[in-house]
Amino acid sequence: MYRRYLPTLTLKKQQLQAEIRTIEAKAKAVRQAKADLEKSFNSWIAVFSEAEAFPDGIITVSNVRKGRGNIAGVDIPTFDGADFKRGDYDLYYTPLWVDIAANHMQQAMMLDLEAEVLDEQVELLGAELRATSQRVNLFEKVKIPETEENIRKISIYMADQQVNAVVRSKISKGKIALRGKEAFERQVDLS
């Protein structure tokens, strides 16, 4: 039974490892996209220092939409997007670049949220990978050798019992033959 279950566990372990590598690569790409976005900010970021040009609360996350996925029997969250709220600001007194900056900030926040969900996926899959690896090691290094040793001991015991049964059978057969011979001799003597 352990030998039949072990390949399934090994396959699950390999699938989890592959998925973790894929998600880590995706998270790295998302973080690189955010870094590229921030680099594009650098050319005009100095305008943020203007006094009260960029109002507080101009953009906030109102809802992070997460779905559910399943990888190798592990339920993981998936990033389905986010909803943002734009704060009110006076269009006459606010510089024109505020809308562009707000859009860039929204994109950066979206990438941060996606990276967080990807990190959560890696964490959940990593925990399952550790558990699966422990099971694989348990089966390979403990349960299968232990069971094989128990089967060997049982086989030896059964072989000993079989030899004992044969010996007892021969002894019984010999005693029966001896009694039969003695009975025959008594009959012959009586005749």
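Of note:
- Scanning the stretch 103-157 for residues that are of a type in the set (Phe, Trp, Tyr) and within 21 Å of the chain's Cα centre (by Cα) returns a single hit, Phe139.
- Going through (1) part of a helix (DSSP H, G or I); (2) of a type outside the set (Asp, Glu); (3) in contact with a helix residue (DSSP H, G or I) (Cβ under 9 Å, 6 or more places away or on another chain); (4) over 30 Å from Arg4 (Cα atoms) one by one, Gly81 falls short only on (1).
- Inter-residue pairs, beta-carbon under 6 Å, first at negative phi and in the stretch 1-25, second part of a helix (DSSP H, G or I) and among the basic types (Lys, Arg), 6+ apart: Tyr2/Lys143; Leu9/Arg135
- So Pro145, is it outside any helix (DSSP H, G or I) and either modelled with pLDDT under 95 or small (Gly, Ala, Ser) (or both): no
- Scanning the stretch 136-150 for residues that are surrounded by 14 or more Cβ atoms within 10 Å (Cβ to Cβ) and of a type in the set (S, T, N, Q) returns a single hit, Thr147.
The values are calculated or read from the model by the stated rules, or taken from the named source; none is laboratory data. In this text the structure is predicted, and so the values were computed from the model without any measurement. Heads up, the Cβs are rebuilt from the backbone with ideal geometry, glycines too, and the neighbour counts pull from every protein chain shown.
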